[in-house]
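Comments concern the structure below.
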Amino acid sequence: MSENNGESGSDAAGRGDGGGATATPAGPRPEPIRFFGTTWVDHDHGYGLRRAGVAIGSLAAAVAACFVLRFAYEGLRLANTGAFVNVLVVVMFAICSALAFRKTWEGFSTRPSDPDADRSLQGLKAIGFIGSLLAYFFRTFTEAPGESLHREEYEAARARYERRRGTRTANPSGRKRPKRR
């Protein structure tokens with residue numbers, strides 16, 4: 001979460017909103033989610049269509065990937081590599097896809113406790129990319145993938161921000177100055 005305690009004129013001008021007729025509220029900003037941006041916060045600006053698009057896209061990509069793997073398997077059969085190699089390739093892709101599905105699904109609800117271990121599984125996830133695509137497909141039926149994790153973190157950051165703002169005893173900018181005589 002990024003905290004915004006005020007915005008400079010160059011930030012407002014960079015967005016193209018004319019320099020501040022509608023200012024962004026102070027406090028933490030929601031973290032954008034891939035394919036959804038920040039529409040997950042209020043479920044606005046085509047959120048439902050984006051979820052449907054991600055579901056269709058991830059399923060179409062998984063089906064296309066299965067066809068590519070089928071052609072690769074046929075190539076192995078034509079090369080007469082033997083039954084052992086054919087079975088080994090099928091088992092490898094099945095196991096890697098299952099592990100990639102599980103790790104991707106867990107990544108939607110929790111941050112990895114050990115980022116180095118998660119980074120070491122990137123090769124396995126790349127081999128089992130069909131599992132990751134299917135995890136995206138199934139998750140879009142309930143929410144944007146990762147929405148619950150982002151919402152939990154955003155609400156916690158908003159609560160911390162509100163507590164911090166509310167506990168200030170003497171905010172110098174809000175204090176009235178006595179008139180000089």
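Residue count for region 84-108 under the criterion of being open to solvent by 80 Å² or more (accessible area, probe 1.4 Å) and either assigned to a loop (DSSP other than H, G, I, E, B) or charged (D, E, K, R) (or both): the result is 1. Could we say that E31 is touching a helix residue (DSSP H, G or I) at 6+ places or on another chain (Cβ under 6 Å) and either in contact (Cβ under 8 Å) with a residue 60 or more places away in the chain or surrounded by fewer than 13 Cβ atoms within 10 Å (Cβ to Cβ) (or both) here? So E31 passes the test.
Looking across region 109-128, just one residue is open to solvent by 80 Å² or more (accessible area, probe 1.4 Å) and touching a residue at least 12 places away in the same chain (Cβ under 8 Å), and that is R111. Can you say whether G53 is surrounded by 13 or more Cβ atoms within 10 Å (Cβ to Cβ) and either free of Cβ contacts under 8 Å to residues at least 40 places away in the same chain or in a helix (DSSP H, G or I) (or both), as far as the supplied structure shows? Judged against the criteria, G53 is a match.
Rundown of residues vs (1) more than 30 Å from Y154 (Cβ to Cβ); (2) touching a residue at least 24 places away in the same chain (Cβ under 8 Å); (3) touching a Cys at 6+ places or on another chain (Cβ under 6 Å); (4) open to solvent by 70 Å² or more (accessible area, probe 1.4 Å), yes/no style:
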| position | (1), (2), (3), (4) |
| --- | --- |
| L49 | no, no, no, yes |
| G57 | no, no, no, no |
| A64 | yes, no, no, no |
| F71 | yes, no, no, yes |
| G82 | yes, no, no, no |
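Within region 104-133, the set of residues being under 14 Å from the mean Cα position of the chain (by Cα) and either of a type in the set (G, A, S) or closer than 23 Å to A62 by Cα (or both) comprises T104, W105, E106, G107, F108, S109, S132, L133. Name every residue in region 137-147 that is more than 10 Å from R51 (Cα to Cα) and open to solvent by 50 Å² or more (accessible area, probe 1.4 Å), in order of residue number. Listed by number, the list holds a single entry, F138.
Yes/no per residue for (1) touching a helix residue (DSSP H, G or I) at 6+ places or on another chain (Cβ under 6 Å); (2) modelled with pLDDT under 95; (3) among the aromatic types (F, W, Y); (4) more than 15 Å from F137 (Cα to Cα):
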position	(1), (2), (3), (4)
W40	yes, yes, yes, yes
R50	no, yes, no, no
L69	no, yes, no, yes
N80	no, yes, no, yes
N86	yes, yes, no, yes
E106	no, yes, no, no
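The values are calculated or read from the model by the stated rules, or taken from the named source; none is laboratory data. Computed from a predicted model, the values in this text were never measured in an experiment. Neighbour counts are summed over all protein chains in view; Cβ atoms, including those assigned to glycine, are modelled from backbone coordinates with ideal geometry. The area values use the complete protein model at the heavy-atom level, side chains included, leaving out ligands, DNA and RNA. Shrake-Rupley method; radii C 1.70, N 1.55, O 1.52, S 1.80 Å.
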